[in-house]
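So the structure is just underneath, and the comments pick up after that.
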Amino acid sequence: MSLRKRTPSLYGGIDSMYLPALVMVGVFIFYPFIRGVVISCTNWNGYSPSYKFIGLKNYLNMFTDRRVLNTVRNTLVYGLGSTVLQTVFGFLLALFLDGRLRGKSFIRTIVYLPVIISPLIMGYIWYFFFRYSGGAMNDVMMLIGADPVDWFAGGRRAVRVITGINSFQYVGVAMIIFLAGLQSIGRHYYEAATIDGAGRMQQIGRITIPLLMPAINTNVIFAVIMGMKLFDVIVATTNGGPGYASQSLSTMMYSLYFSAQDAGYAAALGNLMLVIILLLTGLLLKFFRSREVDLV
Amino acid sequence: MKHCYRSFLIAALALAVTMSGFAGGASDSGGDENNGSITVFNNQHQIALGIIEGITEAFEAEFPGIEVDYQSIGKDYESMMKVKMASNDLPDVFSTHGWAVMRYGEYTYDLSGRDWAGKVKDSIRDIITDDKGALCALPMDLDITGMTYNKGLFDSYGLDVPRNFDELLEVCAQIVKKSNGTIVPLHYGGGDSWPIGGYYDFNSTGYYVSDPAHDYREEFLDGSFDWSLYDEISENFLKLKELGYLNPDILTSKYSDSVSALATGKAAIGGCYGAYIISEIKKINPDFEAGMMPIPAYYPGDDPTFVGGERTTWAVWKDSKSLDAALTFVDFFARPENLRKVAEANGIPAGLSGVEPSLGDLQSEYERFEDIRIFPYLDRAYLPNGMWDVMCINGQDLLAGAITPSEYSANMEKEYKRLGGY
């Protein structure tokens, strides 16, 4: 009987366990991505067996297409607007609920509740709230003598309202992330600061926020990606309209592929969205990581 | 060993990636005319949907050897079917919703050999027959569509249906005046976008088809249409809005809001809704007295028109693995008693001769307007496949003030050339 020394191998032992994951990533991530890049260089209508390669024409068309420019702007508003609202209100709620407060578990549950509702249903709930005829908001406005407003008719107003709806739905996620972060900060930091004469606002600015940077980082990246991929709420409230006024890149891709029968252009738009999200999240990651601290 | 593992990993990955390209294909269910398993996709509205489901249940009871996987897809039907066509994996039986030839023609089984094929009414036969003579679908009913209106309201105000655009403006003015502005003359659920496209599809006939001096059908078909002529129809849409004859929430209200507004007497005319809306209105207001007016002409001397074509149809996928069972299913629907149920639910005539449905409120309207000419929907007959969405979305943009009528026409021209290859 001989013993052979077991040496760690890159392709031995546990490494073969990668195979199922690699296959899944290949089939569901790399293959569709490569197909998407190929389709973006064609004039495919989305269902016909034949199409022509048109090079980079779809990408070049984006620069002169006012619909795309408007949609990119909307997408940034959905992404960054939702991030700011969720982060600010999530942080304030977390601060409020981190103290000694009766019924805080109940309040946490209420704030988190919208997260478990389907975004499509959430959109319809708010649509019935904001609709022109018979909407609760306009009923209230008429009660105080104001004229009713068609909230979703103006493109920019619709974008703001949708951003608000998305933020309302996911502020609970931000709150939970911040609460977890707050509870990991040792009380001794605040006790020391109090002895040094620091007020509540100074403690938040000098202790809480710097030590919450990892939580802020996580929350911001999550909110940016979710906001920029916003789809369901837009479909339920305005369906991207009027016209293209409240389209996000996601809804416009869907519209181009399935309605306008321009799958090539839709694929090019998908790649544009990928680049924008990669760039934005990369910059944000770099920004927040440079501000992460350890107090000693 | 290293090399072996690496090769294995790469080969497995490549195989998985390659195999995913072959995904799809029909289920191999086989069977004969009394046995098998079929998938049926339907896109119908609520009332007709219930009728079709009822007939499907009766079919399953009579043919227990045929298992029917019935799916009502609703508003995502077109998207779903495009995905199915892209993967060449269509349902065995499916609705063609106005596109039996132009969109689905290359996937459909020729039904001209069925027993009922000789009874297809002449007015629909050409629309669902391709250039090789293949009958692409069973037309269960025959779409004859004008504008559904509140006949009771018209009678009480002493109004007659308008025959041209000027008379339409006058009727709208009378409705606003006599109701003290509480009733909207024309209601469109524009938030759903398709009713906006409906304005263009309905009225284009009067502007560009029905008047002999302004008949541009050939130009539409050969790619030579001068799209600046299309400004006029958009300008008049804006005119209706500026005069206050359209619902103020036209950009955000939905089809269901139109149903509600007509049912509760807050609107007088459904701007682009055919008879199918009546049964939904009557669910809210059973006493609603419905009428259907022809679409007013635009040019002096021209007559009003109806638009028409396919409505409720079944096509069979030519590569179905359960072809015989699928044909049995379609033949079952072609029975007179079943056609009558479908036609009555939609309030329109049956697609096969020898079937006389009871059309309720509209019976007298069809008799009154029996001489009115019927033209196919502009986008289905004369524009390239895909223009419908362009009409709808740009119409919303127009009403929102984001584009002008000439920009609307320019956008139409651009997409017309792209989709038509002109």
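Structure above, values below:
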{"read-out": "Residue count for region B:266-285, restricted to those that are at pLDDT 90 or above, part of a loop (DSSP other than H, G, I, E, B) and either out of contact with any helix residue (DSSP H, G or I) (no Cβ under 7 Å at 6 or more places or on another chain) or within 13 Å of another protein chain (Cβ to nearest Cβ) (or both)", "value": "1"}
{"read-out": "Given (1) touching a Ser or Thr at 6+ places or on another chain (Cβ under 6 Å); (2) outside any helix (DSSP H, G or I); (3) within 14 Å of another protein chain (Cβ to nearest Cβ), number of the condition A:LEU230 does not satisfy", "value": "(3)"}
{"read-out": "Pair list, Cβ under 9 Å, 6 or more apart: region B:250-264 residue crowded, with 24+ Cβ neighbours inside 10 Å and modelled with pLDDT of 90 or more, other residue among the aromatic types (Phe, Trp, Tyr) and assigned to a helix (DSSP H, G or I)", "value": "B:THR252/A:TYR127; B:THR252/A:PHE130"}
{"read-out": "B:TYR104 under 17 Å from B:THR313 (Cα atoms) and within 14 Å of chain A (Cβ to nearest Cβ)", "value": "yes"}
{"read-out": "Which listed residue is under 23 Å from B:ALA297 (Cα atoms), of a type in the set (A, V, I, L, M, F, W, C) and touching a strand residue (DSSP E or B) at 6+ places or on another chain (Cβ under 8 Å), from B:VAL93, B:VAL176", "value": "B:VAL176"}
{"read-out": "Verdict on B:SER204 being part of a helix (DSSP H, G or I), small (Gly, Ala, Ser) and away from every other protein chain (no Cβ under 14 Å)", "value": "yes"}
{"read-out": "Residues of region B:77-101 classified as of a type in the set (Gly, Ala, Ser) and part of a loop (DSSP other than H, G, I, E, B), total", "value": "4"}
{"read-out": "Residue within region B:375-388 that is within 14 Å of chain A (Cβ to nearest Cβ), out of contact with any Phe, Trp or Tyr (no Cβ under 7 Å at 6 or more places or on another chain) and modelled with pLDDT of 90 or more present", "value": "yes"}
{"read-out": "Residue among B:GLY197, B:GLY223, B:GLY191 that alone is in contact (Cβ under 8 Å) with a residue 12 or more places away in the chain and away from every other protein chain (no Cβ under 14 Å)", "value": "B:GLY223"}
{"read-out": "Exclusive hit being part of a loop (DSSP other than H, G, I, E, B), within 12 Å of another protein chain (Cβ to nearest Cβ), modelled with pLDDT of 90 or more and more than 22 Å from the chain's Cα centre (by Cα), set B:GLY354, B:GLY401", "value": "B:GLY401"}
{"read-out": "Residue list for region B:346-373, filter: touching a Leu at 6+ places or on another chain (Cβ under 9 Å) and within 22 Å of B:HIS97 (Cα to Cα)", "value": "B:GLY347, B:ILE348, B:PRO349, B:ALA350, B:GLY351, B:LEU352, B:VAL355, B:PRO357"}
{"read-out": "Test: residue in region A:6-18 that is within 11 Å of chain B (Cβ to nearest Cβ), under 23 Å from A:MET273 (Cα atoms) and modelled with pLDDT under 95", "value": "no"}
{"read-out": "Matching entry among A:GLY270, A:GLY241 (being small (Gly, Ala, Ser), buried (at least 16 other Cβ atoms within 10 Å of the Cβ), under 30 Å from A:CYS41 (Cβ atoms) and at pLDDT 90 or above)", "value": "A:GLY270"}
{"read-out": "Region A:177-201, residues that are among the β-branched types (Val, Ile, Thr) and surrounded by 10 or more Cβ atoms within 10 Å (Cβ to Cβ)", "value": "A:ILE177, A:ILE185, A:THR194"}
{"read-out": "Failed condition for A:THR218, given (1) in a helix (DSSP H, G or I); (2) within 14 Å of chain B (Cβ to nearest Cβ); (3) of a type in the set (S, T, N, Q)", "value": "(2)"}
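The values are calculated or read from the model by the stated rules, or taken from the named source; none is laboratory data. Source: prediction; values computed, not measured. Glycine gets a Cβ as well: all are built from the backbone with ideal geometry, and neighbour counts include every protein chain shown.
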